[in-house]
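The values are calculated or read from the model by the stated rules, or taken from the named source; none is laboratory data. Note that the coordinates shown come from a computational prediction; the quantities given were computed from them, not determined experimentally. Cβ atoms come from the backbone with ideal geometry, glycine included; neighbour counts cover every protein chain shown. Accessible surface areas use protein heavy atoms only, side chains included; no ligands, DNA or RNA. Shrake-Rupley method; radii C 1.70, N 1.55, O 1.52, S 1.80 Å.
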Amino acid sequence: MGKHVLLVVSILSLLAALFIGIPPVVAQGPIRVLINASPLVLEVAPVIQNGRTLVPMRAIFEALGARVHWDQATSTVTAYRRERAIVLTIGSTTAWVNGPPVQLAVPPVIVEGRTMVPLRFVAEALGAEVAWQDAPPTVTITHTPYVPPPVGGTLALGSIADPVILNPILSTDTASAAIHGRTTWGLVRSDVNLQPMNAIADRWTWDQTALIWRFWLNPNVRWHDGTPVTARDVKFTFDTIAHAEYDGPRRPAVIHVQEIIAVSDHIVDFRMRQIDSAFLFNIGLGLIPHHILGHVPVREHRAHPTSRAPMGNGPYLFTRWVSGQFVELTRNPDFFQGGGRPYIQSVITRTYPDINVMQAAWENGDIDWFGALLTDHIDRIMREHAQRAYFREVPSHGYDYVSFNLEHPILSDRRVREALVVGLDRRALVDTVLDRRGQVIHAHQVPTSWATGAEGLNPYTHSAVRARQMLDAAGWRVPAGSRDGVRMKDGQRLTLRLMTNAGNAIRADIAALAESYWKRIGVELVTEILEWSVMLARFSRVEYDMVLIGWALGLDPSGFSFFHSSQAVRNPAGVVPGFNRGQFRNAEADRLIEAGRATMDLAERRRLYHELDRILNHELPYIWIFQRTVVTAIANRVQGVQWGPIGAWFSEAWYIRR
């Protein structure tokens, strides 16, 4: 009886393979498979299709350290190895590696009841090297076996500001993001090459005809209370952002979403109204739990206890937050990546009154990681601490800038704004404040963006003489006999207020130098140094003349949140939820931003964003000051850090050396 069953299974397998047009062929002579010079034991002999070697899926995946999941209903194989996720479907030449789809030369097939997968594809997708030898037929795979580092230790970090809110769809500041980025993950994240990769979603597809993004969720993900993360949570998160009562800044992420459909527990569709090329980069927001917030009115989310004690799904559990002192996170022992991750037992972020005190704390060994050494101390610190620390220099993906309130009666005049730009020696700021570690920029796209390189930008070269002439032409003149040289117009002094955040030595230096430069051209500057959350509140209510701040930019360069006129609209409370707090409104800029999101053509998007940069460069909603190059200092005991072009990646893989 067993022989008959085996015969039937074999015949059905061959018929299935014939149906897809590529019958498997058992190799003439045995094919050996060696992994690090040791034979791979196979229950079924390798087969050849179109010159490709296929082997039993479980044997190859497990030999390379991956966990395998077989879905009988969909004939799908999913293999997980730490951050990697590889998905194959029987009979299909579409596979997925770490999220996006790829095409196979040959599909997986069933042979003698075993799922056979393309050997080279699987091995290379898991980071191994593959070589073929003709005589005797041998496939040689070379890979480095992974030895998990020990779990334990505490990573001490520093911040000059308390978090503001730990709800990932409501926060806007880097201090908050540094915390919820470890506790709460979203569908996707970026890899070290700045491309979207899997996070809670294993894979995705884009159907341009139907305008549908489909995401398949990793079935192993749990909220920190043990509740499974499902498509319902995804739908709830983005439906909340689209809700009329939502008062956060993330609505641009769903502006082109028509409907979100929970197809099953682990499949979710986003039906779009149109193409949105920024969509994958905009939906990496951390999810929020439906089982906790699903019955809470959206208008009450900000005040809900989870805004200070989040229920996450990521590598670290929230433990406690003592305002003004520290936030403590603890390792999630059930983190879905497996392999013992994360490896650090606890992460403590201590709050310091200013960056000088925080740098002293790093030098004293009180914290392990200092993201951006003060430039006038870099050489000394690298020399004095060379034996106990290592250093990495990378450009920041963002910029420091002065935002103009374009509703201000003085700053609404472009001539005044241009005079302020020309009257400020930004090159000297890079040389002195940054000790030449950075570069002046003239519009939104920074050199680390793929959309950089617009031609014809005005550099607004510093000239106090020309700045004075511009103010003269705008009707602002120094009265005869003036003792302080401050200009006046219609009886009003040319006095402007500049606010910035406390504790930031670089911005304090910029403000002091700006006051000096602008005094030379007849502008009186009053600087206000405010606590971080107070400054952000005033910024969002447009209660300022000018604000000195910075953007840590996302990886998609569209600029929608910053410069589209829809993002300047105040809500009933008088707050601007979007990031266009300066009230920049320009119909042509809106058109270019919208056109850039409505095409998947990268070259066309770049052309449109160059046009946008030229408009921004001329209209001057900001004074773009500089993009910094930062030197990060890390104690030697912190290991496992992977570096991308703009910083450190994959904090769940870091560990404390014992």
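Of a type outside the set (Asp, Glu) and closer than 30 Å to Trp643 by Cα: is that true of Arg414 in this structure? Give the steps one after another, and end with the answer.
On the way: of a type outside the set (Asp, Glu): yes; closer than 30 Å to Trp643 by Cα: no.
In short, no.
Would you check if there is a residue in segment 617-630 being in contact with a Pro (Cβ under 7 Å, 6 or more places away or on another chain), assigned to a helix (DSSP H, G or I) and open to solvent by less than 30 Å² (accessible area, probe 1.4 Å)? Spell out the reasoning first.
Going residue by residue through segment 617-630, those that are in contact with a Pro (Cβ under 7 Å, 6 or more places away or on another chain) are 627, 629.
Those still in the list that are assigned to a helix (DSSP H, G or I) too: none.
Checked segment 617-630: no residue is in contact with a Pro (Cβ under 7 Å, 6 or more places away or on another chain), assigned to a helix (DSSP H, G or I) and open to solvent by less than 30 Å² (accessible area, probe 1.4 Å).
Being free of Cβ contacts under 8 Å to residues at least 12 places away in the same chain and closer than 30 Å to Ile212 by Cα is the filter here; which residues of segment 271-320 pass it?
His295, Val296
Could you please find all residues in segment 497-548 being surrounded by 16 or more Cβ atoms within 10 Å (Cβ to Cβ), aliphatic (A, V, I, L, M) and either under 25 Å from Ser482 (Cβ atoms) or in contact with a Cys (Cβ under 6 Å, 6 or more places away or on another chain) (or both)?
Leu498, Ala511, Leu513, Ala514, Ile521, Val523, Leu525, Met546
Would you be able to tell me the number of residues in segment 328-358 that are of a type in the set (Lys, Arg), open to solvent by 20 Å² or more (accessible area, probe 1.4 Å) and farther than 14 Å from Thr154 by Cα?
Residues in segment 328-358 being of a type in the set (Lys, Arg), open to solvent by 20 Å² or more (accessible area, probe 1.4 Å) and farther than 14 Å from Thr154 by Cα: 0 in total.
For segment 134-151, give me each residue that is touching a residue at least 60 places away in the same chain (Cβ under 8 Å), polar (S, T, N, Q) and out of contact with any Lys or Arg (no Cβ under 7 Å at 6 or more places or on another chain). Please lay out each step first, then the result.
In the first step, residues of segment 134-151 are kept if they are touching a residue at least 60 places away in the same chain (Cβ under 8 Å); the result is 136-143, 145-146, 148-151.
Narrowing further to those that are polar (S, T, N, Q): 138, 140, 142.
Within segment 134-151, Thr140, Thr142 qualify.
Out of all the residues in segment 555-566, which are open to solvent by 20 Å² or more (accessible area, probe 1.4 Å) and either without any contact (Cβ under 8 Å) to a residue 12 or more places away in the chain or touching a helix residue (DSSP H, G or I) at 6+ places or on another chain (Cβ under 6 Å) (or both)?
Pass one, segment 555-566, residues open to solvent by 20 Å² or more (accessible area, probe 1.4 Å): 555-556, 561-562, 565-566.
Selection gives Leu555, Asp556, Ser561, Ser565.
Being more than 20 Å from Leu496 (Cβ to Cβ), among the hydrophobic types (A, V, I, L, M, F, W, C), under 27 Å from the mean Cα position of the chain (by Cα) and assigned to a loop (DSSP other than H, G, I, E, B), is that true of even one residue in segment 545-557?
Scanning segment 545-557, I find at least one residue that is more than 20 Å from Leu496 (Cβ to Cβ), among the hydrophobic types (A, V, I, L, M, F, W, C), under 27 Å from the mean Cα position of the chain (by Cα) and assigned to a loop (DSSP other than H, G, I, E, B), so the answer is yes.
Out of Thr154, Thr174, I need the residue that is open to solvent by 30 Å² or more (accessible area, probe 1.4 Å), within 15 Å of the chain's Cα centre (by Cα) and in contact (Cβ under 8 Å) with a residue 60 or more places away in the chain. Which one?
Just one listed residue meets the conditions, Thr174.
Do any helices (runs of 4 or more DSSP H) lying entirely in segment 393-487 carry at least 3 residues that are among the basic types (Lys, Arg), and which ones are they?
Details: elements: 414-422, 426-432, 464-473.
In segment 393-487, the matching helices (runs of 4 or more DSSP H) lie at 414-422.
Among the candidates Leu411, Leu420, Leu424, Leu406, single out the residue that is modelled with pLDDT of 95 or more, under 26 Å from His442 (Cβ atoms), open to solvent by 30 Å² or more (accessible area, probe 1.4 Å) and not charged (D, E, K, R). I'd like the intermediate steps shown before the answer.
Values: Leu411 fails: open to solvent by 30 Å² or more (accessible area, probe 1.4 Å); Leu420 fails: open to solvent by 30 Å² or more (accessible area, probe 1.4 Å); Leu424 fails: open to solvent by 30 Å² or more (accessible area, probe 1.4 Å).
Every option except Leu406 fails the conditions.
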